[in-house]
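Peer 1: Let me give you the structure first, and then I'll get to my questions.
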Amino acid sequence: MDKAYEGNACRKKARECKMKPVVPPKKNRRYKWKYDKELYKHRNIVERNFRKIKEFRRVFTRYDKLDETYNAFIALANIAVYLRN
């Protein structure tokens, strides 16, 4: 999550899905909360990985009808990105 999704509804949904929302509050927020700044710094690693696997047209356009097939191709794309580096 980034600051665009820092709303209460998004944070609540993340907690319901057993995720830890690590997003700083916007500057104009009345009630600010604490967040793990070190973990937030590593968010860019995940975002860069998504950018790299979206270079694969099949992932970007999602041609696969079954979730299992799509997830398998995401795994293959991640392997290809890893081997490239």
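Peer 1: Please state which one of Phe50, Phe73 is assigned to a helix (DSSP H, G or I) and touching a residue at least 12 places away in the same chain (Cβ under 8 Å). Give the derivation first.
Peer 2: On the way: Phe50 fails: touching a residue at least 12 places away in the same chain (Cβ under 8 Å).
Checking each option against the conditions leaves just Phe73.
Peer 1: Output the residue which, of all residues in region 9-29 that are farther than 16 Å from Tyr40 by Cβ and part of a helix (DSSP H, G or I), is modelled with the highest pLDDT.
Peer 2: Glu16
Peer 1: Just to be sure before I move on: is Leu83 outside any loop (DSSP other than H, G, I, E, B), exposed (fewer than 10 other Cβ atoms within 10 Å of the Cβ) and at pLDDT 85 or above in the structure I sent?
Peer 2: Here the answer is yes, as Leu83 does meet what is asked.
Peer 1: Being surrounded by 10 or more Cβ atoms within 10 Å (Cβ to Cβ), over 20 Å from Ala4 (Cβ atoms), touching an Asp or Glu at 6+ places or on another chain (Cβ under 6 Å) and of a type in the set (Ser, Thr, Tyr): is that true of Tyr70 here? Can you show your working first?
Peer 2: On the way: surrounded by 10 or more Cβ atoms within 10 Å (Cβ to Cβ): yes; over 20 Å from Ala4 (Cβ atoms): yes; touching an Asp or Glu at 6+ places or on another chain (Cβ under 6 Å): yes; of a type in the set (Ser, Thr, Tyr): yes.
Taking the combined requirement at face value, the residue satisfies it.
Peer 1: While we're looking at this one, here's another question. Identify, from the list Ala4, Ala14, Ala9, the residue that is under 14 Å from the mean Cα position of the chain (by Cα) and surrounded by fewer than 10 Cβ atoms within 10 Å (Cβ to Cβ).
Peer 2: Working: Ala14 fails: surrounded by fewer than 10 Cβ atoms within 10 Å (Cβ to Cβ); Ala9 fails: under 14 Å from the mean Cα position of the chain (by Cα).
The conditions single out Ala4.
The values are calculated or read from the model by the stated rules, or taken from the named source; none is laboratory data. Computed from a predicted structure; not experimentally measured. Methodologically, a virtual Cβ is constructed for each residue, glycine included, from the backbone with ideal geometry; neighbour enumeration extends over all protein chains shown.
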